[in-house]
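Derivation of every value follows stated rules applied to the coordinates shown; laboratory data play no part. Fair warning: this is a prediction, and the values are worked out from it, not measured in the lab. A quick note on method: Cβ atoms are made from the backbone with ideal geometry, for glycine too, and the neighbour counts reach across all protein chains shown.
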Amino acid sequence: NFLDDYEEGTFSLGNTGGLASSTCLYTKIGRFVFVSGKFANSASGVLNSTFTGLPFTIADSDGAESGGVVTWHNENSPGSPGNYALYTYKNTTTFQVYGSGSGTTISASHDFSTSRTVRFFLTYNATS
C-alpha cells in the first residue's frame with residue numbers, strides 16, 4: 001500500500017561554501033520526498049556551491065530529477081536575482097541553486113552576503 005511507506009524526519013545540509021547552520025525536515029511517502037528547511041551562511045559563496053545531505057538518494061532516471069524554490073531570504077544587495085530555483089541531480093543526494101532567468105548556478109557576484117538566512121522547499125523521487 002502506498003501509505004504503508006510513510007516516514008518523517010530531520011536532517012542537516014552539507015556545503016563546501018560555508019554553512020553556519022541548517023535545519024531541515026522531510027516527509028517521504030512511497031518514493032516521493034518532500035523537503036523544507038532553512039540555512040544560514042557563514043561566508044559569501046555558499047549559493048554557488050553544491051548542497052549535500054538530502055535524506056534519500058534521488059532515483060537514477062531523467063524523470064526523477066526535480067527541484068524546488070527558495071521561499072524566503074534576507075539578502076538585499078544590488079545584483080541579487082531575487083528569485084532562486086533549486087535543482088536536484090539524479091543518483092545523488094545533492095542540489096544546487098540557480099538564479100532566476102540565468103539558467104546557470106549562482107555566480108559569485110550574485111551570491112549572498114555573509115550571515116544571511118535562506119528558507120527553501122524541494123521535492124524529488126527517491127530510489128526506493
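For the reader, a short list of remarks on this structure follows.
- Model label points for Thr16 and Ser61, set 7 angstrom from Cα along the Cα-to-Cβ axis, are 3.1 nm apart.
- Table column - 3J(HN,Hα) (Hz), region 122-127, Karplus curve with 6.51, -1.76, 1.60, x for Gly and Pro: 8, 10, 6, 9, 8, 5
- Straightening the chain between Glu7 and Tyr89 buys 27.3 nm, computed as 0.36 nm per residue apart minus the Cα-Cα spacing.
- Placed amide H near Ala59: partners under 5 Å, 5+ positions off or other chain: Asn91, Asn125, Ala126, Thr127
- Within the shell defined by Cβ-Cβ distances under 12 Å, the residues around Thr27 carry a net charge of -2, with Lys and Arg each +1 and Asp and Glu each -1.
- Surrounding net charge for Asp4, when Lys and Arg each add one and Asp and Glu each subtract one, Cβ distance under 15 Å: -1
- A cut-off under 9 angstrom between Cβ atoms defines the neighbours of Ala64, and their net charge, with Lys, Arg +1 and Asp, Glu -1, is -1.
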